[in-house]
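Below you'll find the structure, written out as structure tokens, and then a few comments.
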């Protein structure tokens, strides 16, 4: 779920935007019609996206951008929503700004952009979780096979695909090699992990029996389970 905070001084426009963007993947967590509390509310709610009008009463968007950019702890993405071309030109210097929309942009287009951002953030968060689990298992990202295994897991999650041969074929096409080479590289990474890892810990994470060894199929299935539970 992508959390969006709207800062727009026109009440009708802000409510219309809120209604337009709310979906199964995106939700409006608040509306501010005055600039004075935008930075404070952004810190409090920590939304994924701040949809910011640049010309607001009490404090304009450029001052708000200044506050946000100086706060290194904030990871909120800024989507500018403004009808002031001169303000937009000035806002382009801020690295915290991700996208620009004019007031003439249909709310449906903004909604589509937010849906794409939701998918992008989901994939990034999922990727980080996959990497974390593989590192706990003892994999080394210096090995190509580990990175290929990571890609296989992400494909299995995103496409809900469990057929390992199909996964190998798709990943091989993406990397420009054949499926046999992909499988071989992954096997090398698994064997290296198994050689140096804490086997009792790895067996516990992968739910392996005392005499079982890890396989690509088991690893993909278990990492997928931990991500989706």
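What follows draws every value from the coordinates through simple rules; no lab data is involved. Just so you know, these numbers come straight off a predicted model, no measurement behind them. No Cβ is skipped: glycine too gets one built from the backbone with ideal geometry, and neighbour counts run over all protein chains shown.
I'd like the Kirkwood hydrodynamic radius of the chain, using the inverse of the mean 1/r over distinct C-alpha pairs, in Å.
It is 20.3 Å.
State the Cα centre-to-centre distance between the range 10-45 and the range 128-149 in whole Å.
38
Volume per residue, Å³, of the convex hull around the alpha-carbon atoms of the range 2-120?
89
Nearest 10 degrees is fine. How inclined is helix 179-196 to the longest principal axis of the chain, computing both from alpha carbons?
Its long axis makes an angle of about 80 degrees.
Expressed as a fraction of 2.2 N^0.38 Å, the rule-of-thumb size for a compact globular protein of N residues, what is the C-alpha radius of gyration of the range 108-183?
Relative to the rule-of-thumb radius for its length, the range 108-183 sits at 1.27.
Would you work out if the range 138-228 is rounded, prolate or oblate? Take a ≥ b ≥ c from the square roots of the eigenvalues of the alpha-carbon gyration tensor; rounded if a/c is under 1.5, else prolate when a/b is larger than b/c, oblate otherwise.
Because a/c hits 1.5 or more and a/b fails to exceed b/c, the range 138-228 counts as oblate.
Rounded to two decimals, what is the ratio between the C-alpha radius of gyration of the range 75-203 and 2.2 N^0.38 Å?
Output field value: 1.49.
Using per-residue counts of other Cβ atoms within 10 Å, averaged over each peptide, order 8-15, 88-95 from highest down.
Answer by packing, highest mean first, reads 8-15, 88-95.
Taking a virtual spin label 7 Å from the Cα of residue 198 along the C-beta vector, which residues in the range 118-144 bring their backbone nitrogen under 12 Å of it?
136-138
For the range 151-229 and the range 59-98, what is the separation of their C-alpha centers, rounded to whole Å?
42
Assuming R0 = 30 Å, can you tell me the calculated FRET efficiency for the pair residue 174 and residue 43, based on Cβ-Cβ distance, to the nearest 0.05?
0.15
Kindly express, to the nearest 10 degrees and within the range 0 to 90, the angle between helix 144-159's C-alpha long axis and the longest C-alpha principal axis of the chain.
For 144-159 against the chain, the angle is about 60 degrees.
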